[in-house]
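*Asks:* Right, I'll just put the structure down here and ask away after.
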Amino acid sequence: MEKYAVVVAGGSGLRMGTSLPKQFLLLRDKPVLWYTLNAFLDAYPDLQIVLVLHEQHIERGQSILRSTYDPDRIWMTTGGETRFHSVRNGLAHIRRHSIVFVHDGVRCLLTPELIRRCYEGAVDKGNAIPATSAVDSIRLETLNGSVPVDRDKVKLIQTPQTFYSEIIKSAFEQDFHESFTDEASVVEKLGVKINLIEGESTNIKITRPLDLLIAEKVLEEREMGL
């Protein structure tokens, strides 16, 4: 089956405290986004990528694209006002029956194994959303104070969120709503049951300076085969 990844990389560097958006920051001498793109290229030889960037960063994106293992399998489009609109712009380039991955460009530590697991889960059940279990104690704030929550019932959601193309493209024909925090929430609005699969603890979102240090350590250990 055909495979497409919509990689959304239109964020700013506000929380990172840099003028350069975090997807372009260097990690072991390569941009964060470079690792993300190559993970998808490595996962399947026939997978194609739609890279969604802010229009002012298209030239920078082209430079990164050309440095990947297989730039001919990547093309770019511009983002929209919100993540929802950026994903919609990316999906507009997918016109054939396929499996579609939607991924945060700054989750650069995902592995080809996770991508394949998402693919297999989506083929089997229509969608596959990677998630990990909470390890900290959790409390929920209410009008009467905070109450404990059973952490075994709490899941931390990751990307790539993966769907049959017909499902996700139909979902993104809806009007934007503030409750849409990720692709699963958009699809779920249509009444589709969401299927969670096991994510990866290292599949972190690069948001703060500390995350870059963690990512460097993870890549170093992978290089050493640890």
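The values are calculated or read from the model by the stated rules, or taken from the named source; none is laboratory data. This structure is a prediction, so every number in the text was calculated from the model and none was measured. Cβ coordinates were reconstructed from backbone atoms using ideal geometry, including for glycine residues, and neighbour counts include every protein chain displayed.
*Asks:* Working only within region 179-226, note down all residues that are closer than 29 Å to LEU26 by Cβ and charged (D, E, K, R).
*Replies:* ASP182, GLU183, GLU200, LYS205, ARG208, ASP211, GLU216, LYS217, GLU220, GLU221, ARG222, GLU223 - these are the residues of region 179-226 that are closer than 29 Å to LEU26 by Cβ and charged (D, E, K, R).
*Asks:* In region 198-213, how many are under 18 Å from the mean Cα position of the chain (by Cα), of a type in the set (A, V, I, L, M) and more than 16 Å from ILE157 (Cα to Cα)? So that I can check it myself, show each step before the final result.
*Replies:* Within region 198-213, the subset under 18 Å from the mean Cα position of the chain (by Cα) is 198-208, 211-212.
Retained after the next criterion (residues that are of a type in the set (A, V, I, L, M)): 204, 206, 212.
Keeping just the survivors that are more than 16 Å from ILE157 (Cα to Cα) gives 212.
Looking only at that region, the number is 1.
*Asks:* Here are some conditions: (1) on the phi > 0 side of the Ramachandran plot; (2) modelled with pLDDT under 95; (3) not aromatic (Phe, Trp, Tyr). GLY126 meets all but one. Which one does it not meet?
*Replies:* Every condition holds for GLY126 apart from (2).
*Asks:* Moving to a separate point now. Taking the condition of being over 20 Å from ASP104 (Cα atoms) and not polar (S, T, N, Q), how many residues in region 123-137 meet it?
*Replies:* We begin by selecting, within region 123-137, every residue over 20 Å from ASP104 (Cα atoms); these are 123-126, 134-137.
Those still in the list that are not polar (S, T, N, Q) too: 123-126, 134-136.
Here the count works out to 7.
*Asks:* A further question follows. How many of the residues making up region 44-64 are buried (at least 22 other Cβ atoms within 10 Å of the Cβ) and assigned to a helix (DSSP H, G or I)?
*Replies:* Going through region 44-64 one residue at a time, the tally reaches 2.
*Asks:* Name every residue in region 160-191 that is of a type in the set (Ser, Thr, Tyr), under 23 Å from LYS3 (Cα atoms) and within 19 Å of the chain's Cα centre (by Cα), in order of residue number. Before the answer, list the steps.
*Replies:* Within region 160-191, the subset of a type in the set (Ser, Thr, Tyr) is 162, 164-165, 170, 179, 181, 185.
The next check asks that each one be under 23 Å from LYS3 (Cα atoms); those that pass are 162, 164-165, 170, 185.
THR162, TYR164, SER165, SER185, listed by residue number.
*Asks:* List, please: which pairs have Cβ atoms under 9 Å, are six or more places apart or on different chains, and start with a residue in region 65-85 that is in contact (Cβ under 8 Å) with a residue 12 or more places away in the chain and end with one that is surrounded by fewer than 18 Cβ atoms within 10 Å (Cβ to Cβ) and in a strand (DSSP E or B)?
*Replies:* LEU65/TRP75; SER67/LYS30
*Asks:* Something else: Inspect all residues belonging to region 115-138 and state whether any of them is among the hydrophobic types (A, V, I, L, M, F, W, C), out of contact with any His (no Cβ under 9 Å at 6 or more places or on another chain) and more than 21 Å from ILE194 (Cβ to Cβ). Break it down into steps so the answer makes sense when it comes.
*Replies:* Of region 115-138, the ones among the hydrophobic types (A, V, I, L, M, F, W, C) are 115, 118, 122-123, 128-129, 131, 134-135, 138.
Next cut, out of contact with any His (no Cβ under 9 Å at 6 or more places or on another chain) only: 118, 122-123, 128-129, 131, 134-135, 138.
Subset that is more than 21 Å from ILE194 (Cβ to Cβ): 135.
Looking for residues that are among the hydrophobic types (A, V, I, L, M, F, W, C), out of contact with any His (no Cβ under 9 Å at 6 or more places or on another chain) and more than 21 Å from ILE194 (Cβ to Cβ), one finds at least one in region 115-138, hence yes.
*Asks:* Step by step: first the residues of region 88-144, then only those that are part of a strand (DSSP E or B) and small (Gly, Ala, Ser), then the one that is surrounded by the fewest Cβ atoms within 10 Å (Cβ to Cβ). Which residue is that?
*Replies:* Within region 88-144, the subset part of a strand (DSSP E or B) is 98-104, 127-133, 138-142.
Applying the additional criterion that residues be small (Gly, Ala, Ser) yields 98, 128, 131, 133.
Values: SER98: 18, ALA128: 24, ALA131: 17, SER133: 13.
It comes out as SER133.
Rundown of residues vs (1) modelled with pLDDT of 95 or more; (2) in contact with a helix residue (DSSP H, G or I) (Cβ under 9 Å, 6 or more places away or on another chain); (3) under 27 Å from LYS22 (Cβ atoms), yes/no style:
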residue: VAL135; (1), (2), (3): no, yes, yes
residue: LEU140; (1), (2), (3): yes, no, no
residue: GLN174; (1), (2), (3): yes, yes, no
residue: VAL186; (1), (2), (3): yes, yes, yes
residue: ILE197; (1), (2), (3): yes, yes, yes
residue: SER201; (1), (2), (3): yes, no, yes
residue: ILE204; (1), (2), (3): yes, yes, yes
residue: LYS217; (1), (2), (3): yes, no, yes
residue: MET224; (1), (2), (3): no, no, yes
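*Asks:* Can you go through LEU156, LEU91 and tell me which one is of a type in the set (A, V, I, L, M), over 28 Å from ILE74 (Cβ atoms) and in contact (Cβ under 8 Å) with a residue 24 or more places away in the chain? Write out each step before concluding.
*Replies:* Working: LEU91 fails: over 28 Å from ILE74 (Cβ atoms).
Result of the check over LEU156, LEU91: LEU156.
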